[in-house]
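**Q** Sharing a structure, written as structure tokens. Questions coming.
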């Protein structure tokens, strides 16, 4: 009785993870979303063939070489894999440029996400205020979405998949020894929710 129940449970899990997928006679898999399976040392999934897939850890800051940020392209069957990841938590950004659709999902070992539909992206806009001089970095933590500004003012980050993000701002300086940018002043952090095809207005975010 226990074995029979377990078999039905496993089948239900596998079926739910493949629910977004359809197959055609050519053997090329098509889907309107992305399915991710987390294993002990890797993250693998399936989506629209030849779709760009980006993986970031929570510490990733675009342009500063901080944290893990890697990319791959789904093969002709829509399969993709990231190996040797260890037990960290990650986010996945899936972008299909020909369909102009994307998805964002947590893919870490503390996440229960399995499927996401590819939807039209949204836009984040707002205003940065600071009295500090230097290049201003506005970014979504743990993703590759960011904007650099020479001075305070209005910003727009477009092409953002639907989801909930942490928006952060900082003033950068160049380290003359390493010739790389570093964070000089940290600013506010705000949680923002992006909806498909919509504009999310952050109003104002500051760097004290």
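**Q** (1) closer than 20 Å to residue 61 by Cα; (2) not assigned by TED's automatic domain parsing to the domain that holds residue 39: which one isn't true of residue 95, the others all being true?
**A** All conditions are met except number (2).
**Q** In addition: Give me a count of the residues in region 83-103 that are in contact (Cβ under 8 Å) with a residue 40 or more places away in the chain, in contact with a strand residue (DSSP E or B) (Cβ under 9 Å, 6 or more places away or on another chain) and not in a strand (DSSP E or B).
**A** Residues in region 83-103 being in contact (Cβ under 8 Å) with a residue 40 or more places away in the chain, in contact with a strand residue (DSSP E or B) (Cβ under 9 Å, 6 or more places away or on another chain) and not in a strand (DSSP E or B): 3 in total.
**Q** Among the residues that make up region 114-135, is at least one of them part of a loop (DSSP other than H, G, I, E, B), within 22 Å of the chain's Cα centre (by Cα), buried (at least 16 other Cβ atoms within 10 Å of the Cβ) and at pLDDT below 90? Step through it out loud before you land on a result.
**A** Start the filter on region 114-135 by keeping residues that are part of a loop (DSSP other than H, G, I, E, B), which leaves 114, 118, 120-121, 131-134.
Among the residues that remain, those that are also within 22 Å of the chain's Cα centre (by Cα) are: 114, 118, 120-121.
Within this subset, residues satisfying the condition of being buried (at least 16 other Cβ atoms within 10 Å of the Cβ) are 114, 118, 121.
Restricting the remaining residues to those that are at pLDDT below 90 gives 114.
Checking region 114-135: at least one residue is part of a loop (DSSP other than H, G, I, E, B), within 22 Å of the chain's Cα centre (by Cα), buried (at least 16 other Cβ atoms within 10 Å of the Cβ) and at pLDDT below 90.
**Q** Restricting to region 68-77, count the residues that are surrounded by fewer than 18 Cβ atoms within 10 Å (Cβ to Cβ) and part of a loop (DSSP other than H, G, I, E, B).
**A** Residues in region 68-77 being surrounded by fewer than 18 Cβ atoms within 10 Å (Cβ to Cβ) and part of a loop (DSSP other than H, G, I, E, B): 4 in total.
**Q** Listed residues 80, 139; which is closer than 28 Å to residue 40 by Cβ, assigned to a strand (DSSP E or B) and either at pLDDT 90 or above or assigned by TED's automatic domain parsing to the domain that holds residue 45 (or both)? Steps first, please.
**A** Working: 139 fails: closer than 28 Å to residue 40 by Cβ.
Answer to the check: 80.
**Q** If you go through region 49-67, how many residues are assigned to a loop (DSSP other than H, G, I, E, B) and closer than 18 Å to residue 137 by Cα? Give the steps one after another, and end with the answer.
**A** So the first thing to find is which residues in region 49-67 are assigned to a loop (DSSP other than H, G, I, E, B), and the list is 49-51, 58-60, 62-65, 67.
Going one step further and asking which of them are closer than 18 Å to residue 137 by Cα, we end up with 58-60, 62-65, 67.
The qualifying residues number 8.
The values are calculated or read from the model by the stated rules, or taken from the named source; none is laboratory data. Computed from a prediction, not measured in an experiment: that's the story for all the values here. Virtual Cβ from ideal backbone geometry, glycine too; neighbours counted across all protein chains shown.
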